[in-house]
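Working notes for the structure below.
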Amino acid sequence: MKTVKVAILGLGTVGSGVYKLIQKRADVMEKTIGAQMEVKKILVRNMNKKREGVDASLLTDNWNDIIEDEEIQIVIEVMGGIEPAKTMILEALRAGKNVVSANKDLIAEEGHVLLATAEENHVDFLFEAAVAGAIPIIRPMKQCLAVNDISEVVGIVNGTTNYILTKMTEEGMDFSDALEKAQELGFAEADPTSDVEGLDAGRKVAIMASIAFHSRVVFPNVFTEGITKITAKDIEYAKEFDSVIKLLGVAHNTESGIEVGVYPMMIHKEHPLASVRDSFNAVFVHGDAADDAMFYGRGAGEFPTASAVMGDVIDVARNMAYGCNGRISCTCYKNLPVKDIGDVKNKFFIRMQVTNEPGVLAAVAEVFGNHKVSITRVVQEHTQPHQAELVIVTESVKEKYMKQALEELLALPSILEVSSIIREY
Ligand SMILES: NC(=O)C1=CN([C@@H]2O[C@H](COP(=O)(O)OP(=O)(O)OC[C@H]3O[C@@H](n4cnc5c(N)ncnc54)[C@H](OP(=O)(O)O)[C@@H]3O)[C@@H](O)[C@H]2O)C=CC1
Ligand SMILES: N[C@@H](CC=O)C(=O)O
């Protein structure tokens, strides 16, 4: 019986899940891949950390123990960050080792370099776990939907923020308490700023857009706005409007270029994405042949993420059995422009504090009118003796016109504060 020998880089949330799944599924590996699977080495940073249930003899903090070991055929990179992960992956690929990675930070910036290196060396570089945890989305877009002209990919792709928004909406939980809980549950990144500021979702949207539209979209192309400014009051208004607030990653392939962004959006409660709760993720894809397809599941955490990683590892091992590694390569054969956010159209919910006097509403409407912004809904609430809260909902308008209108509004003496600006889906 053959043995496929693997190395795991990182033994944190995801690495531990991968290690445990390899042990747990040992009995079926023979039937699944026609070989046994053995973890030969595990790279960690801190050799003194206590690691329950792990054979200590496998641990190393020396990369040479892995790269120089010719028996290791698959490297599973689950340590995260740009460096040293990038150098290690490139060295592994050049040494003829297949690589599986969950590292969206790196792939969203340098995926094309890693894929090209894999291709040159006839090995696999797979990364299903980098987007939406357990949900199969990379492979379905690359393979099952390959014949489609995909025009839209929209989704909830960050488990931490979806968990926080769910807890704030359903239990009135405080933002920081909900974040702490998400960290305890292993959903959050090492630096949770990536989650709450929309950067993590932005990286995933860049990866999905590149695959969906066959054109390279990198993280710096993605406009990102997080959920840190969302208040209990905004959530209350969303409920009043029969909606919920979700952090959405949105990518469209339009005639004038690719639109990519991540922002909190009010979405009507009847929409399927509105019922995606806790750390669950969901992605909608629209293709010209398939029409609408939706993918739903756990987007973060130890086993959901390890499940996706292991799917790739098993694929690599199967390819090894048939000698066909390196057959799935980069599919970015177009060079489409990515639009500036200013040229992207959205509907807006704007909540502001104004002086409570005649003519304020008319002045606000005039400013919006001057900048091509049409108003669809107005709610006004008297909050203090001489102050009111004014909520305006707009029609779809280019972001640059909304920006200009807001700048002009803020110069009006009757506008005391613009408290929230949230897009509507
Ligand atoms: N957590 C999740 O739900 C998901 C995570 N991912 C991605 O998976 C990857 C891993 O995430 P996660 O498991 O949460 O991260 P953790 O922070 O829990 O674990 C990181 C692991 O990598 C090791 N490590 C980090 N830097 C080095 C280094 N320079 N040399 C050697 N070892 C190193 C750490 O070692 P030590 O233990 O010694 O500190 C640790 O074991 C990231 O790319 C992340 O974005 C993707 C989808 C979901
Ligand atoms: N921090 C990420 C982990 C998975 O990618 C998230 O919360 O979704």
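A few notes on this one:
- Failed criterion for MET47 (all others in (1) within 14 Å of ligand 1 (Cβ to nearest atom); (2) in contact with a helix residue (DSSP H, G or I) (Cβ under 6 Å, 6 or more places away or on another chain) hold): (2)
- The combined condition, being aliphatic (A, V, I, L, M) and more than 11 Å from ligand 2 (Cβ to nearest atom), is fulfilled by VAL147.
- Applying the criterion of at least 1 residues that are in contact with a helix residue (DSSP H, G or I) (Cβ under 8 Å, 6 or more places away or on another chain) and of a type in the set (Lys, Arg) to the strands (runs of 3 or more DSSP E) found wholly in region 333-419 leaves 345-355.
- Filtering region 374-424 to residues that are closer than 22 Å to ALA251 by Cβ and either at pLDDT below 95 or polar (S, T, N, Q) (or both) leaves only SER396.
- Considering SER307, SER329, the condition of being under 30 Å from ARG139 (Cα atoms) and either within 16 Å of ligand 1 (Cβ to nearest atom) or free of Cβ contacts under 8 Å to residues at least 60 places away in the same chain (or both) is satisfied by SER307 alone.
- Condition check for VAL153: at negative phi and part of a strand (DSSP E or B): yes
- Single match in SER215, SER210 (criterion: among the polar types (S, T, N, Q), surrounded by fewer than 20 Cβ atoms within 10 Å (Cβ to Cβ) and closer than 27 Å to LEU145 by Cα): SER215
- For region 159-171, the candidate set comprises residues that are of a type outside the set (D, E, K, R) and farther than 13 Å from ILE230 by Cβ; within that set, the residue that is farthest from ligand 1 (Cβ to nearest atom) is TYR163.
- Residues (crowded, with 24+ Cβ neighbours inside 10 Å and more than 9 Å from ligand 1 (Cβ to nearest atom)) located in region 186-195: ASP195
- Count of region 46-88 residues which are within 19 Å of ASP105 (Cβ to Cβ) and free of Cβ contacts under 8 Å to residues at least 24 places away in the same chain: 3
- Residue in region 17-30 that is assigned to a loop (DSSP other than H, G, I, E, B) and within 30 Å of SER194 (Cβ to Cβ) present: no
- Out of VAL39, VAL99, sole residue that is at pLDDT 95 or above, among the hydrophobic types (A, V, I, L, M, F, W, C) and surrounded by fewer than 22 Cβ atoms within 10 Å (Cβ to Cβ): VAL39
- The helices (runs of 4 or more DSSP H) found entirely in region 169-214 that carry 2 or more residues being touching an Asp or Glu at 6+ places or on another chain (Cβ under 7 Å) are 193-196, 199-213.
- From the options ILE164, ILE230, residue that is of a type in the set (A, V, I, L, M), in a loop (DSSP other than H, G, I, E, B), in contact with a Phe, Trp or Tyr (Cβ under 9 Å, 6 or more places away or on another chain) and farther than 20 Å from ILE82 by Cα: ILE230
- Taking each residue of region 191-215 that is under 18 Å from PHE175 (Cα atoms) and among the small types (Gly, Ala, Ser) and looking for partners that are within 11 Å of ligand 1 (Cβ to nearest atom) and in a helix (DSSP H, G or I) with beta-carbon atoms closer than 6 Å, six or more apart or interchain, yields SER194/ASP200.
- PRO272 passes every criterion in (1) within 13 Å of the chain's Cα centre (by Cα); (2) modelled with pLDDT under 95 apart from (1).
- Any chance LEU90 is under 30 Å from ILE211 (Cα atoms) and over 21 Å from the mean Cα position of the chain (by Cα): yes
- Residue match in region 159-180 (condition: free of Cβ contacts under 8 Å to residues at least 60 places away in the same chain, among the hydroxyl-bearing types (Ser, Thr, Tyr) and surrounded by fewer than 24 Cβ atoms within 10 Å (Cβ to Cβ)): yes
The values are calculated or read from the model by the stated rules, or taken from the named source; none is laboratory data. Remember, it's a predicted structure, so these values are computed and weren't measured experimentally. Using ideal geometry, Cβ is built from the backbone for each residue, glycine included, and neighbour counts are taken over all protein chains shown.
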